[in-house]
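Data block below; observations after.
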Ligand code: ZN
(Lines give C-alpha, C1' and ligand atoms only; values in the text may rest on other atoms or scores of the structure.)
Protein backbone atom coordinates (compact mmCIF):
# COMPACT_ATOMS: atom_id res chain seq x y z
CA UNK A 1 0.00 0.00 0.00
CA UNK A 2 1.44 3.31 -1.05
CA UNK A 3 -0.26 6.57 -0.30
CA UNK A 4 1.26 9.15 -2.62
CA UNK A 5 1.53 12.88 -2.09
CA UNK A 6 -1.26 14.69 -3.92
CA UNK A 7 0.07 17.63 -5.91
CA UNK A 8 -1.58 20.94 -5.15
CA UNK A 9 -2.68 23.73 -7.46
CA UNK A 10 0.36 25.74 -8.48
CA UNK A 11 2.41 22.68 -9.35
CA UNK A 12 3.11 22.84 -13.10
CA UNK A 13 2.60 19.07 -13.44
CA UNK A 14 -1.13 19.65 -12.88
CA UNK A 15 -1.23 21.81 -16.01
CA UNK A 16 0.18 19.28 -18.44
CA UNK A 17 -1.60 17.17 -21.03
CA UNK A 18 -1.49 13.49 -19.98
CA UNK A 19 -0.41 10.80 -22.45
CA UNK A 20 -2.52 7.78 -23.48
CA UNK A 21 -1.79 4.40 -21.89
CA UNK A 22 -0.46 1.89 -24.43
CA UNK A 23 0.71 -0.96 -22.18
CA UNK A 24 -2.22 -2.60 -20.42
CA UNK A 25 -0.31 -5.77 -19.47
CA UNK A 26 2.62 -4.36 -17.54
CA UNK A 27 3.10 -4.14 -13.80
CA UNK A 28 3.53 -0.39 -14.08
CA UNK A 29 -0.18 0.22 -14.72
CA UNK A 30 -1.21 -2.12 -11.85
CA UNK A 31 1.07 -0.29 -9.44
CA UNK A 32 -0.21 3.08 -10.60
CA UNK A 33 -3.85 2.07 -10.09
CA UNK A 34 -3.12 0.52 -6.67
CA UNK A 35 -1.33 3.69 -5.59
CA UNK A 36 -4.19 5.85 -6.88
CA UNK A 37 -6.76 3.76 -4.97
CA UNK A 38 -4.74 3.93 -1.76
CA UNK A 39 -4.18 7.65 -2.14
CA UNK A 40 -7.82 8.45 -2.93
CA UNK A 41 -9.02 6.33 -0.02
CA UNK A 42 -6.61 7.90 2.43
CA UNK A 43 -7.75 11.36 1.34
CA UNK A 44 -11.45 10.45 1.42
CA UNK A 45 -11.90 11.58 -2.18
CA UNK A 46 -14.52 10.52 -4.74
CA UNK A 47 -12.08 10.59 -7.64
CA UNK A 48 -8.42 10.95 -8.54
CA UNK A 49 -6.49 11.46 -11.76
CA UNK A 50 -2.96 10.14 -12.33
CA UNK A 51 -1.48 13.64 -12.84
CA UNK A 52 -2.53 14.47 -9.27
CA UNK A 53 0.15 12.06 -8.05
CA UNK A 54 2.62 13.27 -10.65
CA UNK A 55 2.06 10.62 -13.33
CA UNK A 56 1.27 12.05 -16.76
CA UNK A 57 -0.90 9.20 -18.03
CA UNK A 58 -4.58 9.19 -19.00
CA UNK A 59 -5.82 7.23 -15.99
CA UNK A 60 -8.60 8.31 -13.62
CA UNK A 61 -10.40 6.49 -10.85
CA UNK A 62 -13.67 7.45 -9.22
CA UNK A 63 -16.66 6.05 -7.40
CA UNK A 64 -18.17 5.66 -3.94
CA UNK A 65 -21.17 4.30 -2.10
CA UNK A 66 -21.45 7.17 0.34
CA UNK A 67 -19.13 10.15 0.53
CA UNK A 68 -18.30 12.23 3.59
CA UNK A 69 -17.14 15.02 1.28
CA UNK A 70 -20.37 14.93 -0.77
CA UNK A 71 -23.03 13.57 1.61
CA UNK A 72 -25.96 14.45 -0.66
CA UNK A 73 -24.51 12.86 -3.80
CA UNK A 74 -25.99 9.66 -5.20
CA UNK A 75 -23.55 6.73 -5.36
CA UNK A 76 -21.25 6.32 -8.36
CA UNK A 77 -19.86 2.89 -9.39
CA UNK A 78 -16.19 2.38 -8.56
CA UNK A 79 -14.41 2.71 -11.87
CA UNK A 80 -10.95 2.78 -13.40
CA UNK A 81 -11.16 4.74 -16.65
CA UNK A 82 -8.22 4.87 -19.04
CA UNK A 83 -7.81 6.91 -22.24
CA UNK A 84 -11.25 8.46 -21.81
CA UNK A 85 -13.32 10.25 -24.42
CA UNK A 86 -16.30 12.33 -23.29
CA UNK A 87 -19.20 13.33 -25.50
CA UNK A 88 -21.98 15.60 -24.15
CA UNK A 89 -25.41 14.09 -24.88
CA UNK A 90 -27.10 17.47 -25.30
CA UNK A 91 -26.44 21.20 -24.87
CA UNK A 92 -27.72 21.37 -21.30
CA UNK A 93 -25.35 22.41 -18.55
CA UNK A 94 -25.98 22.56 -14.83
CA UNK A 95 -24.16 24.16 -11.92
CA UNK A 96 -22.89 22.06 -9.05
CA UNK A 97 -20.47 22.41 -6.15
CA UNK A 98 -17.07 20.84 -6.60
CA UNK A 99 -13.95 20.45 -4.60
CA UNK A 100 -10.63 18.90 -5.51
CA UNK A 101 -7.95 17.08 -3.53
CA UNK A 102 -5.43 19.32 -5.35
CA UNK A 103 -7.28 22.44 -4.18
CA UNK A 104 -7.77 21.53 -0.51
CA UNK A 105 -10.25 23.35 1.68
CA UNK A 106 -12.15 25.10 -1.11
CA UNK A 107 -15.37 24.62 -3.04
CA UNK A 108 -16.71 26.31 -6.13
CA UNK A 109 -19.87 26.26 -8.21
CA UNK A 110 -18.94 24.82 -11.61
CA UNK A 111 -21.02 24.53 -14.79
CA UNK A 112 -20.78 21.10 -16.43
CA UNK A 113 -22.61 19.17 -19.11
CA UNK A 114 -25.68 17.63 -17.50
CA UNK A 115 -25.49 14.34 -19.39
CA UNK A 116 -22.52 12.71 -21.10
CA UNK A 117 -21.38 9.54 -22.78
CA UNK A 118 -17.95 8.40 -21.72
CA UNK A 119 -15.83 5.78 -23.36
CA UNK A 120 -12.45 4.34 -22.55
CA UNK A 121 -10.79 1.22 -21.16
CA UNK A 122 -10.73 -0.39 -17.75
CA UNK A 123 -7.57 -1.68 -16.05
CA UNK A 124 -7.71 -4.90 -18.12
CA UNK A 125 -8.06 -3.05 -21.41
CA UNK A 126 -11.77 -3.87 -21.70
CA UNK A 127 -14.02 -1.23 -23.26
CA UNK A 128 -16.14 1.02 -21.07
CA UNK A 129 -19.06 2.84 -22.68
CA UNK A 130 -21.59 4.54 -20.40
CA UNK A 131 -24.15 7.30 -20.66
CA UNK A 132 -24.69 9.08 -17.36
CA UNK A 133 -26.02 12.29 -15.83
CA UNK A 134 -26.00 14.19 -12.56
CA UNK A 135 -23.15 13.82 -10.08
CA UNK A 136 -21.74 10.80 -11.93
CA UNK A 137 -21.36 12.92 -15.08
CA UNK A 138 -19.86 15.74 -13.03
CA UNK A 139 -17.22 13.53 -11.40
CA UNK A 140 -16.15 12.07 -14.74
CA UNK A 141 -15.85 15.52 -16.32
CA UNK A 142 -13.88 16.82 -13.33
CA UNK A 143 -11.43 13.91 -13.34
CA UNK A 144 -10.96 13.91 -17.11
CA UNK A 145 -10.28 17.66 -17.00
CA UNK A 146 -7.18 16.79 -14.95
CA UNK A 147 -5.87 14.81 -17.95
CA UNK A 148 -5.91 18.01 -19.97
CA UNK A 149 -4.28 20.10 -17.29
CA UNK A 150 -7.51 21.77 -16.21
CA UNK A 151 -8.52 22.37 -12.60
CA UNK A 152 -12.09 23.21 -11.65
CA UNK A 153 -11.39 26.86 -10.63
CA UNK A 154 -10.57 27.49 -14.30
CA UNK A 155 -14.21 26.70 -15.12
CA UNK A 156 -15.86 28.85 -12.45
CA UNK A 157 -17.92 31.67 -13.95
CA UNK A 158 -19.37 33.20 -10.77
CA UNK A 159 -16.58 33.83 -8.29
CA UNK A 160 -19.08 34.85 -5.61
CA UNK A 161 -19.68 31.07 -5.45
CA UNK A 162 -16.12 30.09 -4.60
CA UNK A 163 -14.84 29.84 -1.06
CA UNK A 164 -13.66 27.83 1.87
CA UNK A 165 -15.59 24.63 2.46
CA UNK A 166 -15.84 25.12 6.22
CA UNK A 167 -17.34 28.58 5.69
CA UNK A 168 -19.70 27.65 2.84
CA UNK A 169 -20.74 24.29 4.26
CA UNK A 170 -20.05 24.12 8.01
CA UNK A 171 -19.40 20.53 9.03
CA UNK A 172 -18.03 19.41 5.66
CA UNK A 173 -14.38 18.79 4.93
ZN1 LIG B 1 -9.70 17.27 -8.88
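The values are calculated or read from the model by the stated rules, or taken from the named source; none is laboratory data. Note that the structure is predicted; figures quoted are calculated from it, not measured. Cβ sites come from the backbone with ideal geometry, for glycine too, and all protein chains shown count toward neighbours.
In table form, for the structure just shown:
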quantity	calculated
Residues of region 145-158 that turn out to be closer than 14 Å to residue 97 by Cβ, assigned to a helix (DSSP H, G or I) and away from the ligand (no atom under 11 Å from the Cβ), as a count	1
Scope region 104-122; condition surrounded by 19 or more Cβ atoms within 10 Å (Cβ to Cβ) and over 16 Å from residue 137 (Cα atoms); matching residues	107, 108, 121
Hits in region 78-100 - residues which are touching a helix residue (DSSP H, G or I) at 6+ places or on another chain (Cβ under 8 Å) and either modelled with pLDDT under 95 or under 13 Å from residue 132 (Cβ atoms) (or both)	81, 84, 86
Strands (runs of 3 or more DSSP E) wholly inside region 3-114 that include at least 2 residues being over 16 Å from the mean Cα position of the chain (by Cα) and either without any contact (Cβ under 8 Å) to a residue 40 or more places away in the chain or farther than 22 Å from residue 155 by Cβ (or both)	76-88, 93-100
Identity of the residue in region 115-144, within 15 Å of residue 83 (Cβ to Cβ) and part of a helix (DSSP H, G or I), that ends up nearest to the ligand (Cβ to nearest atom)	143
